[in-house]
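Below you'll find the structure, written out as structure tokens, and then a few comments.
The values are calculated or read from the model by the stated rules, or taken from the named source; none is laboratory data. Values in this document were obtained by computation on a predicted structure and should not be read as measured data. Here Cβ is always computed from backbone atoms with ideal geometry, including for glycine, and neighbour counts include all displayed protein chains.
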Amino acid sequence: MSLFSRRLRAMSLALIVMVVLAGMPLYAQRSQEGFVSTENAGTAVAAAPFEEVAEWSDKMPELSSEQQAQLDFNIDRVNLPGPARDLDSAEASDGLQLDVAPAADSETTLAEAANADKAPLAPGDAQLYRNVAFGGTIPSGNKSNVLEPSLGVGGKYAFYSGNWFAARSVNGGSTWSYINAYTNMSDFCCDQIVQYDKARDMFLWLRQGVANGSGVNRFRLSVSTNGAASFCAYDFYPTNTNAGWTNQWWDYPHIQLGADYAYIAYNMFNANSSWTRTVMLRLPLDALRSCSGFSYNYLSSTSWFTFVPVQGADHVMYFASNNPTSSPYNRISIWRWPENSTSTYQVINSVAAWTYGSSHQCGSSSGNWMGRSSDRLLAGARYELHHANLNVNGRKILGWWWNVQQGGNFTQPYIDGYAVYEDTMTQVSGSQGRPYIWSSSYCYGYPSVAANARGDLGIVMDYAQSSDSWKSRVGYIIADDFTNAPPGFSLHGVISSSARPSDNKWGDYNTVRVFQPGQNNWVAGAHYIPGSTNCSVCSAPVYFAFGRSRDYYNWSRWAGY
């Protein structure tokens, strides 16, 4: 450990003692292990960026057959699993009870979706404001079944990424222009993330490169302040952050925004594709906006696999992991990182155990769109409970969600959840503390979650049922003052696949964001299979906006017609 890291650790521990003596709030005093300083932390420097020219076109540029083959090959080399768990000995020693029975009335039910052209609508009706499938001008071979759609939206400007393309709209998602994400980054592979910072009217676009023969890759973070028309770009190699991270590569990114920082989470692997650590980078948004060089903070852990930050953070970021590298495995770790501090604090809670593993099975083994799933965290959000019996006048909740395979009391794959009160870090009481999405008749997977300005939840996921031969569908959920305190949830359909993925690949994530600048609606990116024959490299992107009918004009005012 460096001298700086040792001093930072000492400062962090001293700060904890000082705050406790000064009367630290309850949440900093309770938990199994309490708040502790991070295992490793430091500061790094990002050099000034370079200009990146974007050539947008009405039709997606075609990749060469060699590029298509290489990208398809690389998709299986990313989003790798972490350390194996010794489940047999863990269950014996810890006495885990897997998949405790779900609470009564917690099953998710399918509701009819209200469309924008269906009128009149009551204020509380769920409504699809816009629903655009735009895969028609993307050539075959450019649309992976592991599409990984991501997006950011600022008024009429929308920026969308997927494997293997980027798309831009200047009319609220009605029509799209395209760019070949491979052109300006010859080592581009996949795992793109897009974010929009409303305060600075700025798009962030992350692309991950493939590891070279020495086991090294980069990620590129491009910044646009003119509606994604042009960018400045930063390249981050592992050794730029820590000189000791040689022959290692970034994998499985997440980006969320606080008031003044962007938080980028990564798993890291070595040249043998063995996991080495989990990393969180904190980059200053003002420096990104000005396209200048900057210093930034980071932390890392070798005890927890995959960090997932919450959407909706403000001056404090929260992120979590449900994958400890040692028993007991029914634990979740939550980190708290104030934006005015270089110190982080950690609380570890026990959670209801689930059926661990990656044997998710939705329908037959052929065309299984959940075949690539794992049970690492996928989504997190900071929100409120608004049902009349639960509203505590703005009390915030921190929640995380993840895929779980079928087993125990759950006959189908489902989405598990865990929620704590922000002020106490204790699990929310009742079934709201485990806000899972499940059904005995449907498979659910790949959740993305965001809270609007009122603290209402918008959730987007994939689902399927036997009566439709387990073909994947896209759906959304709204949890607000018009709903009973969930779970259960009411699910609204968006678009349905006409076939299944013949390569048993899907995901690895969907994306939902709060619509900006309106802030009371949601926009989302997902994918489906439009053709009628099971296929590989054939999914297509869909962009949609949704909310309550009462908030339609909050969206249409800014969406651009």
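Structure values in brief
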item: Residue count for region 167-193, restricted to those that are under 17 Å from A233 (Cα atoms) and assigned to a loop (DSSP other than H, G, I, E, B); result: 8
item: Test: residue in region 493-510 that is assigned to a loop (DSSP other than H, G, I, E, B), of a type in the set (V, I, T) and more than 19 Å from the chain's Cα centre (by Cα); result: no
item: Pairs where the first residue, in region 212-231, is at positive phi and touching a residue at least 40 places away in the same chain (Cβ under 8 Å) and the second is aliphatic (A, V, I, L, M) and surrounded by 17 or more Cβ atoms within 10 Å (Cβ to Cβ), C-beta under 8 Å, 6+ apart; result: G227/V170; A228/A54
item: Which listed residue, of M24, M18, M60, is part of a loop (DSSP other than H, G, I, E, B) and at pLDDT below 85; result: M24
item: Residue within region 204-225 that is of a type in the set (S, T, Y), within 25 Å of Y509 (Cβ to Cβ) and out of contact with any Phe, Trp or Tyr (no Cβ under 6 Å at 6 or more places or on another chain) present; result: no
item: Filter result (within 30 Å of D456 (Cβ to Cβ) and of a type in the set (S, T, N, Q)) within region 357-386; result: S373, S374
item: Enumerated strands (runs of 3 or more DSSP E) restricted to region 206-258, each holding at least 2 residues that are farther than 19 Å from S301 by Cβ and of a type in the set (A, V, I, L, M); result: 219-224
item: Number of the condition not met by R336 [criteria: (1) assigned to a loop (DSSP other than H, G, I, E, B); (2) of a type outside the set (D, E); (3) over 23 Å from P501 (Cβ atoms); (4) at pLDDT 95 or above]; result: (1)
item: Residue count for region 124-182, restricted to those that are under 20 Å from A499 (Cβ atoms), among the small types (G, A, S) and crowded, with 21+ Cβ neighbours inside 10 Å; result: 3
item: Among the candidates S502, S497, residue that is more than 13 Å from S439 (Cβ to Cβ) and in contact with a Lys or Arg (Cβ under 8 Å, 6 or more places away or on another chain); result: S497
item: Criterion (out of contact with any Leu (no Cβ under 6 Å at 6 or more places or on another chain), free of Cβ contacts under 8 Å to residues at least 40 places away in the same chain and surrounded by 23 or more Cβ atoms within 10 Å (Cβ to Cβ)) met by exactly one of Q208, Q256, Q192, Q248; result: Q248
item: Residue count for region 283-315, restricted to those that are in contact with a Phe, Trp or Tyr (Cβ under 7 Å, 6 or more places away or on another chain) and either outside any loop (DSSP other than H, G, I, E, B) or of a type in the set (A, V, I, L, M, F, W, C) (or both); result: 9
item: Criterion violated by L121 - all others in (1) in a strand (DSSP E or B); (2) of a type in the set (A, V, I, L, M); (3) more than 19 Å from A450 (Cβ to Cβ) satisfied; result: (1)
item: Qualifying residues in region 511-561 (those that are assigned to a loop (DSSP other than H, G, I, E, B) and among the polar types (S, T, N, Q)) - the one surrounded by the most Cβ atoms within 10 Å (Cβ to Cβ); result: S539
item: Of all residues in region 477-508 being of a type in the set (S, T, Y) and out of contact with any strand residue (DSSP E or B) (no Cβ under 6 Å at 6 or more places or on another chain), the one that is surrounded by the most Cβ atoms within 10 Å (Cβ to Cβ); result: T483
item: Pair list, Cβ under 7 Å, 6 or more apart: region 106-135 residue at pLDDT below 90, other residue in a loop (DSSP other than H, G, I, E, B); result: A114/L121; A114/D125
item: Extreme residue, nearest to the chain's Cα centre (by Cα), among residues of region 452-473 that are surrounded by fewer than 24 Cβ atoms within 10 Å (Cβ to Cβ) and assigned to a strand (DSSP E or B); result: R473
item: Search result, residues across region 317-335 that are over 18 Å from the mean Cα position of the chain (by Cα) and either surrounded by 20 or more Cβ atoms within 10 Å (Cβ to Cβ) or not hydroxyl-bearing (S, T, Y) (or both); result: P324, P328, Y329, N330, R331
item: Subset of region 153-169 (residues that are over 25 Å from N74 (Cα atoms) and of a type in the set (G, A, S)); result: G154, G155, A158, S169
item: Of all residues making up region 221-251, the number that are polar (S, T, N, Q) and either under 23 Å from E55 (Cα atoms) or under 22 Å from the mean Cα position of the chain (by Cα) (or both); result: 5
item: Criterion: at negative phi, crowded, with 23+ Cβ neighbours inside 10 Å and among the small types (G, A, S) - qualifying residue of A262, A313; result: A262
